[in-house]
2 protein chains.
Amino acid sequence: MSHPHPELGPPPELPEGALRIVALGGLGEIGRNMAVFEYEGRLLIVDCGVLFPEPDQPGVDLILPDFEYIRDRLDDVEAVVLTHAHEDHIGAVPYLLRERRDIPIVGSKLTLALIEAKLTEHRIQPVKIEVVEGERRTFGPFETEFLAVNHSIPDALAVAIRTPAGIVLHTGDFRMDQLPSDGRLTDLGGFARLGAEGVDLLMSDSTNAEVPGFVTSEREIAPVIDEVVRTAEKRVIVASFASHIHRVQQVIDSAEKHGRKVALVGRSMIRNMGVARDLGYLRVSPGVIVDSKEIEGWPPEDVVLICTGSQGEPMAALSRMANRDHPIRVAEGDTVLLASSLVPGNETAVNKVINGLSRWGARVVHKGNAKVHVSGHAAAGELLYVLNLTRPSNFMPVHGEWRHLRAHAKLAALTGVPDDHIVIAEDGVVVDLLDGRARIVGAVPAGYVYVDGTSVGDVTDFALKDRRILGEEGFISVVVVVDTGTGKLTGGPEIHARGSGIDPDRLLEVLPQIEKAIEDHAADGVVDMQQIRRVVRRTVGRWVSDTYRRRPMIIPVVIEV
Amino acid sequence: MSHPHPELGPPPELPEGALRIVALGGLGEIGRNMAVFEYEGRLLIVDCGVLFPEPDQPGVDLILPDFEYIRDRLDDVEAVVLTHAHEDHIGAVPYLLRERRDIPIVGSKLTLALIEAKLTEHRIQPVKIEVVEGERRTFGPFETEFLAVNHSIPDALAVAIRTPAGIVLHTGDFRMDQLPSDGRLTDLGGFARLGAEGVDLLMSDSTNAEVPGFVTSEREIAPVIDEVVRTAEKRVIVASFASHIHRVQQVIDSAEKHGRKVALVGRSMIRNMGVARDLGYLRVSPGVIVDSKEIEGWPPEDVVLICTGSQGEPMAALSRMANRDHPIRVAEGDTVLLASSLVPGNETAVNKVINGLSRWGARVVHKGNAKVHVSGHAAAGELLYVLNLTRPSNFMPVHGEWRHLRAHAKLAALTGVPDDHIVIAEDGVVVDLLDGRARIVGAVPAGYVYVDGTSVGDVTDFALKDRRILGEEGFISVVVVVDTGTGKLTGGPEIHARGSGIDPDRLLEVLPQIEKAIEDHAADGVVDMQQIRRVVRRTVGRWVSDTYRRRPMIIPVVIEV
């Protein structure tokens, strides 16, 4: 199996008749999925999502794909196909449309409705092209065909892309629930038909490639949720993703059955469920959903709250309830249901929430102690079906970290895809499909673009490195006022430390050393402010290291008078 | 069930005939286990461990129990009983002995050997009292009896403490492996005998109270490890805890069987296995263990490396191998075995290591895909046995976060312990056992004491809050030189930002605003340096917030000339 070498250079010019594929996100990570297809100078983009930051990316709100690779060619983009409306597939669309407003957005009815609601908040009016499963559409040189897939959000699609270079099937995210509550199955018949026709390249969701066997049907969750609601003594608080319409439906059905009213909590939850209800994806009897303000004074045994915060997000309602920093005062007898997956990276935060809720006496039901969640992604046993039905000439695992891509590649090899026809690429790696072979031909930049506050890309990896040092060690700043003529100290040293954990009184011990170091420099005759800065940094750095074995950031400021 | 109220005040004086129990760690957290028993003014301590920091405690090396509660009464301490030699039970002993060198340390042979090796590195020579299972010893008013328990380190003990107030059984950490490789079972017969005599208070390990059923025998791991070593194509690298002598034994046995040599990597691994070998807890044929330097040039199929770093510690050998920052260059065909638990909080770090190793082509075997680890802590089904055999009058779950303590309390209630005889306490909560009843009577401070570099306790929660702000947002410092007479600016403003992600050129835009703010202040006639500092902070803070929606730390420095 080929895999990228650190020495990959820029790709050659696209050969005639070749299809070029560059993932700007989603390969080597779970998130910011975005694949750029190029044929004869025209581009088609599949998905445009965000990645959520990890603890070593402090202060970052979102991570976007780097659009640099297509920035000068935005006019060549025929369309952006959105396979479904999860944030890791649509979250970066507003940022892409800021660069060219009229890129057509292609997707299913629900996907378009949810992206439109999001874009409205960004004050962007998109150009929308609605498609349904089974449909074929042509965008420039790309003939596309959309196939239904089942996922943890309704109305998800896979997309087949036909060019003279061959047929590429991109599954999007999918699972193989054979008894889905809405009856909408992953279109294996369609996959088989494409397989018979000849799939030249399969790009398939790798998220659960390490998980053996099969994913339980979503249907099996309903009785468990129902039992939780039925037996709950007091309040029921359900935390879920704001996009998980099926799960919310199950909770609402169960609440209604047991005579409880439902309040939705959280902006994105209210917005998405409003959209889903308007379009008929969420069915609610009149009067069952009430306003969350209204519900506060009600007897706890009459209510179900559905909120976000299932990933332990510190500002979400659930975390604030766990910290008793919310109007809803969780107490003995209350039941909290975390009806969602635990996204890797969020374990510590979720554990804190569970402990906080347990402390106040709530019963916490979660995937660790009850069958209250099933994954939205096909497991290894199911991925084999897709490989066997499509019989691809070439295979490229997508949507996963390295461990998942490797595991998926191994599955492909087991089904008979030759090792040298399996391409494991990471973000930015350029793959050309030519003469029936997919090959790595180079790499383009595909780094992280950080959103922090209102700014996009201002926070760099360099700034994050500074943040990590500041966060681990704090800083010491030393201000000296120096006479430019004599090099002598005329003010300061003023020394300030924050986050260093150094006793302010002990900090004063270093002042005479700084004074002496500047005096020594002045004695040399040549006054060099750069050099004074260095001398101050070195003096303080050495003192802290010797005294405390620590390395805070040291900021010397020299004021020239 | 009683549980602490935030309004708990200081405890009353200890009544005559009462035994007082205060946990300074281990209740509401997994780690820094330490329980202080008091009878008639004399103290007995059970365990003295460390807690490892979480991501929101940046830069911290270790967290200790706060010794303040006993600081003035160190001479009253009869002994410190160490139940076993894991860091979360012994790691804080060096720091306690710094405060009084000659506190007798009581433990089993292996526990004492390992603590002695650790104390030698701290240049401390302990006063040791060796005990074995079945033995009774008296320490002041405390009659103690030691019972064998099985755990993931050999030679672990439970301790029963008899005073006129009654019998307390403290299980330490334990599991109930019924087929242990060393034949040393948890002494359920002893527990039953104490139960017949009358256990007034049971303090039992809660770590796995949420896990249903039973823990697999350690014996079942050996064939899995053997299969991994047998089928490995090239190098085998095993990561485990430096204290897991049984696991290391299994790996060594398997290596020997398949004709591979073993190299130990990492200071603590080499030190502990040396101690274990000297005392006969680790059995190794001559010539099987070789120096890790020696092994570097050998054919990869001839070697097994055993190293630390199974928790993704960034400086450990395994992480460095994953980053290709280590002499051992992991490559296609190598096998890495993570033969250890995944300690909560380390998920992200371990995931990074698995992805790094996968990227270079290694096969990574871990508890998620093979039965290569069993827990060292009894699960719910087994905890019931202990509750039923000891039939305690009062129960206090120990060693666990809130979720675990609550789950264990529920198990106790199911076995018939009356709700009002179950005491859920957290760190610092004072529990008195008097007239056969355990009751919460107050609370004492039991906060975190942070070790950072060479200093203990200098880093406070206040400094950590600063670190979190600096780590999330960075800082902006503004230096102004102000004439004390006129309040006019005579130097600066000099503005510096680090980690803020703000373009340095844009930062200059705020300078005129600062100048104007100081001018306005000077115009008021009264020069107040405090006020100038405030004005500068407010001006810069408002500008950043308006321009970027961010809140970096703002440090105004006013130099008076």
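Table: residues versus (1) over 27 Å from the mean Cα position of the chain (by Cα); (2) open to solvent by 40 Å² or more (accessible area, probe 1.4 Å); (3) more than 26 Å from B:ALA379 (Cα to Cα); (4) of a type in the set (Asp, Glu).
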{"residue": "B:MET203", "(1), (2), (3), (4)": "no, no, no, no"}
{"residue": "B:VAL215", "(1), (2), (3), (4)": "no, no, no, no"}
{"residue": "B:GLU220", "(1), (2), (3), (4)": "yes, yes, no, yes"}
{"residue": "B:PRO223", "(1), (2), (3), (4)": "yes, yes, no, no"}
{"residue": "B:LYS234", "(1), (2), (3), (4)": "yes, yes, yes, no"}
{"residue": "B:ARG271", "(1), (2), (3), (4)": "no, yes, yes, no"}
{"residue": "B:LEU282", "(1), (2), (3), (4)": "no, no, yes, no"}
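Looking at the structure I just gave you, is A:LEU405 open to solvent by 40 Å² or more (accessible area, probe 1.4 Å), touching a Leu at 6+ places or on another chain (Cβ under 8 Å) and modelled with pLDDT of 95 or more? Step through it out loud before you land on a result.
On the way: open to solvent by 40 Å² or more (accessible area, probe 1.4 Å): no; touching a Leu at 6+ places or on another chain (Cβ under 8 Å): yes; modelled with pLDDT of 95 or more: yes.
Judged against the criteria, A:LEU405 is not a match.
Please go through segment B:428-439 and pick out each residue that is surrounded by fewer than 20 Cβ atoms within 10 Å (Cβ to Cβ) and in a strand (DSSP E or B).
Narrowing segment B:428-439 to residues surrounded by fewer than 20 Cβ atoms within 10 Å (Cβ to Cβ): B:434-437, B:439.
Matches in segment B:428-439: B:LEU434, B:ARG437, B:ARG439.
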Quiz item: Exactly one of (1) more than 20 Å from B:VAL159 (Cα to Cα); (2) at pLDDT 95 or above is unmet by B:GLU7. Its number?
Solution: (2)
Self-check item: Tally of residues being touching a Gly at 6+ places or on another chain (Cβ under 7 Å) and either assigned by TED's automatic domain parsing to the domain that holds B:SER341 or without any contact (Cβ under 8 Å) to a residue 60 or more places away in the chain (or both) across segment B:62-87
Solution: 2
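Scan segment A:476-499 residue by residue and report those that are at the interface with chain B (Cβ under 7 Å from one of its Cβ atoms) and closer than 20 Å to B:VAL456 by Cα.
Taking segment A:476-499 as the starting set, the residues that turn out to be at the interface with chain B (Cβ under 7 Å from one of its Cβ atoms) are A:477, A:479, A:481, A:491-492, A:494, A:496, A:498-499.
Hits for segment A:476-499 are A:ARG498, A:GLY499.
Assess whether A:GLY541 counts as being among the small types (Gly, Ala, Ser), facing chain B (nearest Cβ under 9 Å) and under 21 Å from B:SER477 (Cβ atoms). Spell out the reasoning first.
On the way: among the small types (Gly, Ala, Ser): yes; facing chain B (nearest Cβ under 9 Å): no; under 21 Å from B:SER477 (Cβ atoms): yes.
So A:GLY541 does not fit the description; no.
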Quiz item: Conditions: (1) touching a strand residue (DSSP E or B) at 6+ places or on another chain (Cβ under 9 Å); (2) over 24 Å from B:ILE422 (Cα atoms). B:VAL168 meets all but one. Number of the miss?
Solution: (2)
Quiz item: Just wondering, is there one or more residues in segment B:78-87 that are closer than 30 Å to B:ASP278 by Cβ and among the hydroxyl-bearing types (Ser, Thr, Tyr)?
Solution: yes
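Residues that are under 30 Å from A:PHE52 (Cα atoms) and open to solvent by less than 20 Å² (accessible area, probe 1.4 Å), at least 3 per element: which strands (runs of 3 or more DSSP E) completely within segment A:444-561 meet that? It would help to see each step written out before you state the result.
On the way: elements: A:449-452, A:475-482, A:489-498, A:553-560.
In segment A:444-561, A:449-452 are the strands (runs of 3 or more DSSP E) which contain 3 or more residues that are under 30 Å from A:PHE52 (Cα atoms) and open to solvent by less than 20 Å² (accessible area, probe 1.4 Å).
Of the residues A:ASP458, A:ASP524, A:ASP503, which is within 8 Å of chain B (Cβ to nearest Cβ), over 23 Å from B:VAL451 (Cα atoms) and modelled with pLDDT under 90?
Every option except A:ASP458 fails the conditions.
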Practice problem: Determine whether segment B:406-415 contains at least one residue that is farther than 23 Å from B:ALA443 by Cβ, out of contact with any Ser or Thr (no Cβ under 7 Å at 6 or more places or on another chain) and in a loop (DSSP other than H, G, I, E, B). | Solution: yes
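So which residues in segment A:309-349 are within 19 Å of A:MET269 (Cα to Cα), open to solvent by less than 40 Å² (accessible area, probe 1.4 Å) and hydrophobic (A, V, I, L, M, F, W, C)? Don't jump to the end; show me each part of the working.
Applying the first criterion (within 19 Å of A:MET269 (Cα to Cα)) to segment A:309-349 yields A:309-321, A:326-328, A:336-343.
Now drop any that are not open to solvent by less than 40 Å² (accessible area, probe 1.4 Å), which leaves A:309-312, A:316-319, A:321, A:326, A:328, A:336-341.
Within segment A:309-349, A:ALA316, A:ALA317, A:LEU318, A:MET321, A:ILE328, A:VAL336, A:LEU337, A:LEU338, A:ALA339 meet the criteria.
Any chance segment A:170-181 includes a residue that's crowded, with 22+ Cβ neighbours inside 10 Å and basic (Lys, Arg)? Even if it seems obvious, please write down each step before you answer.
Kept after step one, since they are crowded, with 22+ Cβ neighbours inside 10 Å, are these residues of segment A:170-181: A:170-175, A:177.
Filter once more, keeping what is basic (Lys, Arg): A:175.
There is at least one residue in segment A:170-181 that is crowded, with 22+ Cβ neighbours inside 10 Å and basic (Lys, Arg).
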Practice problem: Restricting attention to segment B:334-362, report how many residues are more than 9 Å from chain A (Cβ to nearest Cβ) and basic (Lys, Arg). | Solution: 0
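Report whether or not B:GLU473 is at the interface with another protein chain (Cβ under 10 Å from one of its Cβ atoms) and either among the aliphatic types (A, V, I, L, M) or more than 30 Å from A:THR454 (Cα to Cα) (or both).
Details: at the interface with another protein chain (Cβ under 10 Å from one of its Cβ atoms): yes; either among the aliphatic types (A, V, I, L, M) or more than 30 Å from A:THR454 (Cα to Cα) (or both): no.
Spelling it out, it is not the case that B:GLU473 is at the interface with another protein chain (Cβ under 10 Å from one of its Cβ atoms) and either among the aliphatic types (A, V, I, L, M) or more than 30 Å from A:THR454 (Cα to Cα) (or both).
Just checking, does segment B:167-177 include any residue being closer than 27 Å to B:GLY41 by Cβ, in contact with an Asp or Glu (Cβ under 6 Å, 6 or more places away or on another chain) and modelled with pLDDT of 95 or more? Spell out the reasoning first.
Kept after step one, since they are closer than 27 Å to B:GLY41 by Cβ, are these residues of segment B:167-177: B:167-172.
Among the residues that remain, those that are also in contact with an Asp or Glu (Cβ under 6 Å, 6 or more places away or on another chain) are: B:167, B:171.
Next, only the ones that are modelled with pLDDT of 95 or more stay: B:167, B:171.
Looking for residues that are closer than 27 Å to B:GLY41 by Cβ, in contact with an Asp or Glu (Cβ under 6 Å, 6 or more places away or on another chain) and modelled with pLDDT of 95 or more, one finds at least one in segment B:167-177, hence yes.
The values are calculated or read from the model by the stated rules, or taken from the named source; none is laboratory data. None of these values were measured; they are calculated from a predicted model. With ideal geometry, Cβ positions are generated from the backbone for all residues, glycine too; neighbour counts draw on all protein chains shown. These area figures cover heavy atoms from the full protein model, side chains too; ligands, DNA and RNA do not enter into them. Shrake-Rupley method; radii C 1.70, N 1.55, O 1.52, S 1.80 Å.
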